[in-house]
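As structure tokens, the structure follows; a few thoughts come after it.
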Amino acid sequence: MAGPDHDELEAIFEERAKFFTPKWFGDLFAGRLAPGDTFWAGNYGPALVVVPLIVILALFTALISPGHLGGFFGSFAVAAGIYRIAVLVGLIRSVWRAEAGPTFWRWAGVLWTMFEAVALIWLGLDLFGP
């Protein structure tokens with residue numbers, strides 16, 4: 001099996017360069033991406049950068065103000081939940097527009113994204129504590 005030629009590789013690289021740009025996020029939230037891209041890249045792509053940053057910030061917060069990470073993590077969890085709701089809206093739009101492929105997995109992705117959004121917001125609010 002032959003690999004992609006130079007022109008095909010260039011097209012792939014051009015497409016990948018569009019990921020995580022402001023226009024890409026606009027397309028994501030508007031449901032103009034494929035359901036798979038919306039689910040996987042929308043839900044988990046930004047986490048590849050955000051999670052390590054949160055860990056580093058949590059480390060410094062714990063050093064400066066020990067015992068006060070509940071509000072720190074709570075605010076990030078609520079923000080992540082709100083972001084997931086925006087992805088959920090785009091995913092629902094994307095699933096409605098999709099014409100081919102298995103519908104079970106599309107709707108399973110919608111339910112999973114909804115579960116994660118609710119869980120993140122619930123956990124975030126709980127971390128603020130009484």
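The values are calculated or read from the model by the stated rules, or taken from the named source; none is laboratory data. Keep in mind that this is a model prediction, so the values were computed, not measured. Neighbour counts run over all protein chains shown; Cβ positions are idealised from the backbone, glycine included. Ligands, DNA and RNA are stripped out before the accessible areas are found, and what is left, the full protein with its side chains, is counted by its heavy atoms. Shrake-Rupley method; radii C 1.70, N 1.55, O 1.52, S 1.80 Å.
How many residues are under 13 Å from Ala77 (Cα atoms) and free of Cβ contacts under 8 Å to residues at least 60 places away in the same chain when one looks only at the range 107-130?
Qualifying residue count for the region: 12.
Which residue out of Phe73, Phe20 is in a loop (DSSP other than H, G, I, E, B), open to solvent by 30 Å² or more (accessible area, probe 1.4 Å) and in contact (Cβ under 8 Å) with a residue 12 or more places away in the chain?
Sole residue among the options that is in a loop (DSSP other than H, G, I, E, B), open to solvent by 30 Å² or more (accessible area, probe 1.4 Å) and in contact (Cβ under 8 Å) with a residue 12 or more places away in the chain: Phe20.
Just wondering, is there one or more residues in the range 81-99 that are of a type in the set (Ser, Thr, Tyr), within 30 Å of Leu127 (Cβ to Cβ), part of a helix (DSSP H, G or I) and open to solvent by less than 40 Å² (accessible area, probe 1.4 Å)?
no
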